[in-house]
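What follows draws every value from the coordinates through simple rules; no lab data is involved. Everything numeric here is computed off the predicted structure, so don't read it as measured data. Please note: Cβ atoms are built from the backbone with ideal geometry, for glycine as well, and neighbour counts cover all protein chains shown.
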Number of protein chains: 2
Amino acid sequence: MSGTNKPTAIDFYFDFSSSYTYIGLPRIEAMAARHRRPLVWKPVSLGAIFKERGHSPPDRNTSKGRYLYLDVLRCAAEQQLPFNIPNPFPFNSIAAARGFLWLQSQSSGQALDFAHRVFDHAFATGGDVTQAQTLAEIAGRCGADAVAFAEGIQLPAIKTQLIELTTEASQRGVFGAPTLICDGEMFWGADRIDQMDRWLSP
Amino acid sequence: MSGTNKPTAIDFYFDFSSSYTYIGLPRIEAMAARHRRPLVWKPVSLGAIFKERGHSPPDRNTSKGRYLYLDVLRCAAEQQLPFNIPNPFPFNSIAAARGFLWLQSQSSGQALDFAHRVFDHAFATGGDVTQAQTLAEIAGRCGADAVAFAEGIQLPAIKTQLIELTTEASQRGVFGAPTLICDGEMFWGADRIDQMDRWLSP
């Protein structure tokens, strides 16, 4: 759509605690690959954005919260993705996001591997990805030094980067995940990936 | 899915002020027809349900509100539906809902014709469907007696019926529109019609 020979990237704002990001991820990556668009992974703290806007995550004790839980199960089943609700849920994804950013500063391949493993540990197996120890073990399986990882997620520069990405997202109008922005057009939700795919198609 | 020879109906909870109901309506009707399921139109007051739950309709002055407006435009364009935002919007749909219920008590055909014309007047042409006079004119074009209509929407029995339908919806977990329930399975949103279609398929 850009009219240039070098397609602009797709900015991919996500939070590791977003079940719909887990569900949409295979199609998001396939879409970007199909249109030869670089996918720029941008972890954010949705909790901070929610707090800023006075939103709250769906409460399982409300009609909407109960429905959304069923919806997630149905959507995962349709995508033939294993799904188990993480324990705890909703969970604090700050350490996972910092871990991703630190790995990205070392090796983009390890960072992507880590992201997939974190999402799978949380939503495929229903695990806990809030603990630095668990995350360091996952990073180790991606080939990273687990000790360096544990130190890395405490670095002020990494903490600042997550805050800056969250601010950037909020300023661009991001209020949920997954959110994809390309050539100024924003798409929110696992149920808008197909629409973005058609929008990207010549 | 019911395993009987007589398929159960699809309960269709809607509010005339719901833009996504307008956008989903052609596919909802086509789906019910394809699966030979009676479609039971149930107008509700989403405003009352929102109030009960402490929700509010999307505010156009927030990131989410602005995004949803763009999303509605894109979804309407994809469905090749004309779309103009009603004036006012959001609007009070109580009179339209009562009008539908009164017509239903007279002629189900006229009620369906009225429903389509109200949605089109609001969302295709961006008109105002809050006024009894406008609604009576629309009812007249459906073949109803406009004077009887204006009286009908003031009947205590009609007012009570809308309250009861709203209570029924709320008790069944409805929190938005369109909501479709069939054989105990609930689907919310114009973006879940295709999923329900697949769910209904043998």
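Determine the sum of side-chain charges near residue B:106: Lys and Arg each +1, Asp and Glu each -1, restricted to other residues whose C-beta is under 14 angstrom from that of residue B:106.
Net local charge, residue B:106 excluded: -2.
Which whole number of Å³ per residue matches the convex hull of the alpha-carbon atoms in chain B?
Per residue, the Cα convex hull of chain B comes to 121 Å³.
Working out 0.36 nm times the residue gap between residue A:198 and residue A:125, then minus their Cα-Cα distance, what length gain in nm do you get to one decimal?
Result for the pair: 23.1 nm of gain on full extension.
Among DSSP beta bridges whose residues both lie in the protein assembly as shown, state the antiparallel percentage, nearest 5.
60 percent
Whole-Hz Karplus ³J(HN,Hα) for the stretch A:155-164, in order, using 6.51 cos²θ - 1.76 cosθ + 1.60 and θ = phi - 60°, x for Gly and Pro?
5, x, 5, 6, 4, 5, 4, 5, 4, 5
Within chain A, what is the longest stretch that has no trypsin sites (Lys or Arg not before Pro) placed in a DSSP loop and near at most 15 other beta-carbon atoms within 10 Å?
That would be A:61-171.
Determine ³J(HN,Hα), in whole Hz, for all residues of the stretch B:56-67 in sequence, where each value follows from phi through the Karplus function 6.51 cos²θ - 1.76 cosθ + 1.60 and θ = phi - 60°; x replaces Gly and Pro.
Calculated HN-Hα couplings, in order: 9, x, x, 8, 5, 8, 10, 4, 5, x, 5, 4 Hz.
Could you give the length gained by full extension between residue B:105 and residue B:147, i.e. 0.36 nm per residue of separation minus their alpha carbon distance, to one decimal place?
Contour length minus Cα-Cα distance gives 13.6 nm.
With the label 7 angstrom out along Cα to Cβ, how close does residue B:185 come to the same site in each of the other copies, in nm, nearest first?
Nearest first, the other copies' label points are 3.2 nm away.
Could you work out how much longer the chain between residue B:73 and residue B:89 gets when fully extended? Use 0.36 nm per residue separation minus the Cα distance between them, nm to one decimal.
Using 0.36 nm per residue and subtracting the Cα-Cα distance, I get 4.3 nm.
Let me check against my output: what whole-number percent is the relative contact order of chain A, with C-alpha pairs under 8 Å and at least 6 apart?
Taking the mean separation of contacting Cα pairs over the length of chain A, I get 32 percent.
Which Cβ of chain A lies nearest the axis of the rotation superposing A onto B, and at what whole-Å distance?
A:191, 2
Quick one: the Cα spread of the protein assembly as shown along its three principal axes, in angstroms, biggest first?
Its Cα atoms span 79, 49, 37 Å along the three principal axes.
Got a sec to turn the phi values of the stretch A:72-77 into Karplus ³J(HN,Hα) couplings, 6.51 cos²θ - 1.76 cosθ + 1.60 with θ = phi - 60°, whole Hz, x for Gly and Pro?
After applying 6.51 cos²θ - 1.76 cosθ + 1.60, I find 4, 4, 5, 5, 5, 5 Hz.
Sketch the reach of a paramagnetic label on residue A:36 as a point 7 Å from Cα along Cα-to-Cβ, and name the residues of the stretch A:176-202 whose backbone nitrogen lies under 19 Å away.
A:182-183, A:197-202
In this model, which of A:42/A:64; B:6/B:42; A:51/B:159; A:51/B:51; B:42/B:64; A:159/B:51 are farther than 32 Å apart at the alpha-carbon?
Over 32 Å Cα-Cα: A:51/B:159; A:159/B:51.
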